[in-house]
Amino acid sequence: MDTADLSPLWASIGRTHGWETRSVEGELPADLRTTLVRTGPGVLERFGRRLAHSFEADGVMMGLRLRGDGGAESAVRIVESPGYRAEQAAGKPLFGSAAPWWRRFVNGLRQQGKETGNTSLMHWQGRTFALMEGARPIEIDPRDLSTGAVSDLGGVLGSTFSAHPHRLARLRTTFNFGVVYGPKPALRLYALPDEGPARRMGSVPLPYNAMVHDFAITERFMVFVVCPLQLSVGRAILAPRDMATLFSWTPSAGAELLVVPLDDVEHPVRIGMDPRFVFHLANAHERGDDLLVDFVQYPNADVMTALSGDDDRPKIAPPQLQRAVVDPVRGVLHSDEVLWSASCDFPILPSERVGHRTSTMWLVAGTKRSEARGIARLDPETGQTDVWDPGPGFAPSEALFVPAPGAEREDQGWLLSLVLDGWRGESFFGVFDASSPSAGPLARIWMGQALPITFHGTLLDA
């Protein structure tokens with residue numbers, strides 16, 4: 001190719017398939033054995049009609065299996081939810097912006113939607129689920145990535161379940177939440193222990209119908225950044241074609257740091273903050289009486305329109321890693337400062353360090369379309385960085401961390417990132433030394449096609 005083409009990131013999947021042997025360039029570490037699955041919005045047209053926003057798209061899962069013998073396999077499968085199957089049977093769109101207005105209106109009145117599974121995955125008690133925050137999870141068979149039934153986890157869940165569950169290793173429990181929209185907006189909080197049934201922890205009122213995407217967790221607190229991107233329930237009932245118009249940016253409402261004690265959910269601490277927009281929280285940890293909360297901050301919600309996938313989507317102000325230091329008992333904000341000024345998002349930690357002080361965080365560095373994108377290792381305490389910068393024309397995903405067997409350091413292991421090579425017109429999984437991504441991929445596992453964007457993934461053997 002004479003020019004790099006990154007447009008496949010926002011196009012529908014070309015070919016789906018079961019597990020197939022893939023070509024490996026370079027040498028895979030002999031002790032790297034793992035299976036991971038990523039998901040993203042990969043079906044952006046329905047029966048000849050382009051969807052208005054990528055968040056509506058049916059999920060497409062990309063699986064990678066590393067056997068430890070130098071070989072690799074991949075699979076690509078659509079999340080075939082009940083809604084997707086109904087559309088396939090009808091031969092026409094029934095949900096979202098591709099459907100006619102009257103059907104969208106009726107769906108809204110009936111509170112009927114489609115569980116797209118296009119944002120993330122969760123592996124819990126040997127079961128795998130595809131997630132999107134506006135619906136319940138869908139079970140996925142990890143053997144072949146086929147789609148099973150929509151789950152309420154034993155009757156515990158409400159109608160929504162966030163795409164960002166977080167597991168605390170010392171508590172042997174995965175925590176999550178779901179947003180309740182309407183006249184009494186709230187967060188429903190859930191605990192999913194490694195053994196035993198899931199349970200509902202309680203509910204926390206929200207100040208308004210806010211979009212809440214993620215949270216952070218320590219052994220004592222769940223922490224949310226509630227931003228003034230507000231859902232208009234009345235507008236949602238009228239079912240406009242562009243879902244981005246359902247939300248309005250109202251900076252006059254300010255933002256709120258919501259700190260919820262795990263042992264006293266009914267009495268959260270609310271700390272006012274200047275307006276900002278946050279998709280992803282990186283981590284939280286306690287230092288003496290203080291709580292330190294790290295999150296990726298946008299100055300406004302323009303990124304919502306930018307994620308539409310349209311060629312005319314606006315340029316956005318670069319997101320930066322921010323740290324707020326608060327007294328979680330008295331509700332005092334001590335500081336609210338930039339932790340890393342580079343454009344970045346999609347933070348990942350070593351799983352054992354979630355909720356604790358860490359010297360290692362990995363991020364996608366450079367998230368604007370006009371600049372090069374790479375993978376960064378950051379020490380959030382010292383600011384020291386190590387960045388793989390492949391130059392323009394490459395688009396890496398969030399990098400999942402696989403610890404090395406018997407690892408003695410928290411960064412000892414490998415990063416796996418799905419990268420679109422816009423010059424070659426093909427995607428590859430890059431395998432990086434997690435301690436030094438700047439050295440570039442140890443191996444590239446070529447996927448045989450250019451793949452759509454994926455947001456998040458999980459290890460099936462973690």
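The values are calculated or read from the model by the stated rules, or taken from the named source; none is laboratory data. Source: prediction; values computed, not measured. Because the Cβ atoms are built from the backbone with ideal geometry, glycine has one as well, and the counts that use them run over all protein chains shown.
Tally the residues that are outside any strand (DSSP E or B) and at negative phi, restricting the search to the range 48-80. Number satisfying all stated conditions: 12.
Could you say whether any residue in the range 329-343 is surrounded by 22 or more Cβ atoms within 10 Å (Cβ to Cβ) and assigned to a loop (DSSP other than H, G, I, E, B)? No: zero hits. Checking each residue in the range 90-128 for being within 23 Å of the chain's Cα centre (by Cα) and either assigned to a loop (DSSP other than H, G, I, E, B) or on the phi > 0 side of the Ramachandran plot (or both) picks out PHE95, GLY96, SER97, GLY113, LYS114, GLU115, THR116, GLY117, ASN118, THR119, GLN125, GLY126.
Of the residues making up the range 278-309, just one is at negative phi and free of Cβ contacts under 8 Å to residues at least 12 places away in the same chain, namely ALA306. Touching a residue at least 12 places away in the same chain (Cβ under 8 Å), closer than 20 Å to ILE138 by Cβ and either surrounded by fewer than 17 Cβ atoms within 10 Å (Cβ to Cβ) or among the hydrophobic types (A, V, I, L, M, F, W, C) (or both), is that true of PHE177? Criteria met by PHE177.
Do we have ARG77 as basic (Lys, Arg), within 30 Å of GLN412 (Cβ to Cβ) and touching a strand residue (DSSP E or B) at 6+ places or on another chain (Cβ under 6 Å) here? Judged against the criteria, ARG77 is not a match.
Note on the range 43-61: residues that are within 22 Å of GLY18 (Cβ to Cβ) and buried (at least 23 other Cβ atoms within 10 Å of the Cβ) total 5.
One residue is enough: does the range 298-320 have a residue meeting the conditions at pLDDT 95 or above, among the hydrophobic types (A, V, I, L, M, F, W, C) and not in a loop (DSSP other than H, G, I, E, B)? For the range 298-320, residues at pLDDT 95 or above, among the hydrophobic types (A, V, I, L, M, F, W, C) and not in a loop (DSSP other than H, G, I, E, B): absent. Can you tell me which residue among PRO207, PRO193, PRO185 is over 27 Å from ALA75 (Cβ atoms) and touching a helix residue (DSSP H, G or I) at 6+ places or on another chain (Cβ under 8 Å)? Result of the check over PRO207, PRO193, PRO185: PRO207. In the range 1-34, which residue that is touching a Phe, Trp or Tyr at 6+ places or on another chain (Cβ under 7 Å) and not small (Gly, Ala, Ser) is surrounded by the most Cβ atoms within 10 Å (Cβ to Cβ)? The selected residue is LEU32.
Suppose we filter the range 420-435 for residues that are assigned to a loop (DSSP other than H, G, I, E, B), surrounded by 24 or more Cβ atoms within 10 Å (Cβ to Cβ) and not aliphatic (A, V, I, L, M); how many remain?
Taking the range 420-435 and keeping what is assigned to a loop (DSSP other than H, G, I, E, B), we get 422-425, 434-435.
Next, from what is left, pick out any that are surrounded by 24 or more Cβ atoms within 10 Å (Cβ to Cβ): 434.
Filter once more, so that each one left must be not aliphatic (A, V, I, L, M): none.
Looking only at that region, the number is 0.
Is it the case, given these coordinates, that SER417 is buried (at least 16 other Cβ atoms within 10 Å of the Cβ), of a type in the set (S, T, N, Q) and modelled with pLDDT of 95 or more?
Working: buried (at least 16 other Cβ atoms within 10 Å of the Cβ): yes; of a type in the set (S, T, N, Q): yes; modelled with pLDDT of 95 or more: yes.
Yes; evaluated as a whole, the condition is true for this residue.
Does any residue of the range 70-88 turn out to be of a type in the set (D, E, K, R), modelled with pLDDT of 95 or more and within 21 Å of the chain's Cα centre (by Cα)? Yes; the residues of the range 70-88 include at least one that is of a type in the set (D, E, K, R), modelled with pLDDT of 95 or more and within 21 Å of the chain's Cα centre (by Cα).
Please state which one of THR119, THR147 is over 17 Å from HIS456 (Cβ atoms) and hydroxyl-bearing (Ser, Thr, Tyr).
On the way: THR119 fails: over 17 Å from HIS456 (Cβ atoms).
That would be THR147, the only listed residue that is over 17 Å from HIS456 (Cβ atoms) and hydroxyl-bearing (Ser, Thr, Tyr).
ALA407 satisfies every condition listed in (1) surrounded by fewer than 19 Cβ atoms within 10 Å (Cβ to Cβ); (2) in contact (Cβ under 8 Å) with a residue 12 or more places away in the chain; (3) touching a strand residue (DSSP E or B) at 6+ places or on another chain (Cβ under 8 Å); (4) farther than 21 Å from SER120 by Cβ except (2).
Residues of the range 183-223 being basic (Lys, Arg) and within 19 Å of VAL259 (Cβ to Cβ), which ones?
At the first step, the residues of the range 183-223 found to be basic (Lys, Arg) are 184, 188, 199-200, 220.
Correct list: ARG188, ARG220.
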